[in-house]
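The values are calculated or read from the model by the stated rules, or taken from the named source; none is laboratory data. These figures come from a predicted structure and were not determined experimentally. Virtual Cβ from ideal backbone geometry, glycine too; neighbours counted across all protein chains shown. To get the accessible areas, we keep the full protein, side chains included, count just its heavy atoms, and leave off ligands, DNA and RNA. Shrake-Rupley method; radii C 1.70, N 1.55, O 1.52, S 1.80 Å.
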Amino acid sequence: MAPSKADSSASCGDGDAIVSCSKTENGFSSSLSLCHSEKAVEELLQQTPLQGTDDHLVEFSEALRTVAKALRRAAEGKASAQAEAAEWKRRYELERSRNLQLEHKEKLPGECIGNLDGHRAENSVKEPVPQIEQNEHSEKDCMKHGICSHEVLHDGESDSSPNMANKNMMKKASFKLSWWCKGANEDQHNHDIVSFERGNITTAERSSKQISLKWESDPQTVLILKKPNSVSVRILCAEMVRWLKEHKKLNIYVEPQVKAELLTESSIFNFVQTWNEEREVLLLHTKVDLVITLGGDGTVLWAASMFKGPVPPIVPFSLGSLGFMTPFHTEPYRECLDTILRGPISITLRHRLQCIVIRDAAKNEYETEEPILVLNEVTIDRGISSYLTNLECFCDNSFVTCVQGDGLILSTTSGSTAYSLAAGGSMVHPEVPGILFTPICPHSLSFRPLILPEHVTVRVQVPFNSRSSAWVSFDGKDRKQLAAGDALVCSMAPWPVPTACQVDSTNDFLRSIQDGLHWNLRKTQSSDGPRDS
Ligand SMILES: NC(=O)c1ccc[n+]([C@@H]2O[C@H](COP(=O)([O-])OP(=O)(O)OC[C@H]3O[C@@H](n4cnc5c(N)ncnc54)[C@H](O)[C@@H]3O)[C@@H](O)[C@H]2O)c1
Ligand SMILES: Nc1ncnc2c1ncn2[C@@H]1O[C@H](COP(=O)(O)OP(=O)(O)OP(=O)(O)O)[C@@H](O)[C@H]1O
């Protein structure tokens, strides 16, 4: 057990506003302690109201406020630096495990590293971390038409759960991910090398890659999620379940209420599996090879929210009105699922944001609430309050701005076409790694939206002198109140949501904004008119 704030802190200030410098690992509790100094100053000043005529007292109270504010900023800087250090530690450990795996492979005689055609023993990966293959670039890696391909990830076999039904049947299919990108002919073979020769710099990595998923063993288990209360979706769901069982011999999971629905139709759906307790949902990713969603974007968000860690590939069928994340039509679902189960398939790795609410009233870091992962966005707004929201925003160690308006949206690039777009944010290709910082109705003419890089940690705090609380919601759900002093800390989550593409990420994205939003649709001007002579 780490010490609590009370027993781990050392006093480093004098007078009434004692500042405690706790030595906790993530820095949250230390920043919280320091933040108390500002609150204490406010309380002290309220208890001893100043006479407007006493200039010295007024000056002194202002000085106290300034010192307390500076202390709080320092504490916030420290929390950010510690969060960054934790992230670097995670990356270091990932890198170290990758190197260990490579060393291990080199020791195995006759094993070919980085060979796309090399076969692995079925379900043979035992390590808990993803196996990252060496990006050794050989002629074989380069596909036709100037497309370069790299093998990047192998999935790992997960522990089986004693609570799930049919555990003997459940073996996760293994697959392999690789990326490719179209390059000019001459840079096909060296685009992953940093070169300073003759002053030419070639980038080490392209930020955005088209990922391809190739099954190494057949998928066996599918989870079907559908939007509720729709008769047409219910009918399609029953038909699809039957077809997948009869023609593809797959194990099928559905949510408990969907199983009940299916059983009211016919007892032949007895083979369909589900779970009895919510905690079993946490283990679904160890069982399920593929998730099928039947609904709109909201059902994709629902599917993503069920996976608090790794997410299996999702095949989203379009049964909503817009469908930015649902590229598959339902009429040819058999052909479509046939192709996907055979592979390889293009997928979009959709980044998620990990959000943590930190309460001012929390006594130690263990009172920090569970992180929530969002696929679209986290929104901090004024809720029912009619006052302006007042939100102090920090990005890593730097103060960004104070949002005064209706609120702020921190969005992923997948969410860029949703609420953030409505608030004036830019539309961003979903594979661009970044965090959109979009104000909602800011009361300032110059407050333009920002796009921040994916590696930063954003902290949004309700100041102690705020007139009202703020409200935070996650992908439009789970509203929570943020009182004065509470903060939301947001960074990129390590578990993206892989969604299958109809064509590829870019084609699907462009088609969704053209079909969904009628983006830049305008009648073509006729040639029948004035011309440049
Ligand atoms: N003013 C707005 O535009 C506004 C207001 C509130 C919420 N929303 C969005 O609704 C989302 C929740 O969706 P829901 O289906 O549960 O609620 P919902 O049923 O109210 O649908 C909201 C609409 O947003 C669309 N949408 C969702 N994700 C999208 C995306 N990534 N790109 C483009 N459009 C998208 C949906 O297709 C739907 O038409 C939130 O994450 C938020 O982005 C938008
Ligand atoms: N399996 C589910 N259980 C509970 N709620 C769900 C489930 N699937 C979807 N939802 C919720 O149902 C709502 C509507 O879903 P969805 O967006 O898929 O359909 P839609 O509103 O008809 O589509 P569109 O928004 O494109 O018109 C969303 O808020 C979503 O969170």
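A few remarks follow.
- Sequence-separation-based contact order of segment 429-488, relative, with Cα cut under 8 Å and 6+ spacing, percent: 27 percent
- Rounded percent of accessible protein surface that carbon and sulfur make up, segment 214-315, 1.4 Å probe: 54 percent
- For the set GLU370, GLU454, GLU62, solvent exposure ranked by accessible area (probe 1.4 Å, protein chains only) runs largest to smallest as GLU370, GLU62, GLU454.
- Residues within the reach of a label modelled at LYS248 (point 7 angstrom out along Cα to beta-carbon, backbone nitrogen below 14 Å), restricted to segment 272-309, are 288-294.
- Cβ-Cβ FRET estimate between ASP55 and SER398, R0 fixed at 41 Å, reported to 0.05: 0.75
- Of the cross-linked pairs LYS209/LYS477; LYS227/LYS248; LYS209/LYS259; LYS248/LYS477; LYS477/LYS523; LYS308/LYS480, those separated by over 28 Å at the C-alpha level are LYS209/LYS477; LYS209/LYS259; LYS248/LYS477; LYS477/LYS523.
- Efficiency of FRET from Cβ geometry, TYR387 and ASP338, R₀ 41 Å, rounded to 0.05: 0.15
- Distant-in-sequence amide H partners of THR401 (H built 1.01 Å from N, under 5 Å): CYS393
- Each other residue within a Cβ distance under 15 Å of LEU388 adds +1 if Lys or Arg and -1 if Asp or Glu, for a net charge of -1.
- Candidate residues LYS523, LYS477: accessible-area rank, largest first, probe 1.4 Å: LYS523, LYS477
- Extending 7 Å from the Cα toward the beta-carbon at both GLU265 and ASP478 defines two label points whose distance is 3.1 nm.
- Solvent exposure ordering (accessible area, 1.4 Å, most first) of LEU521, LEU452: LEU521, LEU452
- Per-residue surface analysis assigns LYS214 an accessible area of about 90 Å², computed on protein heavy atoms at 1.4 Å probe radius.
- Under the Debye formula (equal points on every Cα, no solvent term), log10 I(q)/I(0) of segment 469-531 at q = 0.20, 0.21, 0.22, 0.23 Å⁻¹: -0.97, -0.99, -1.00, -1.02
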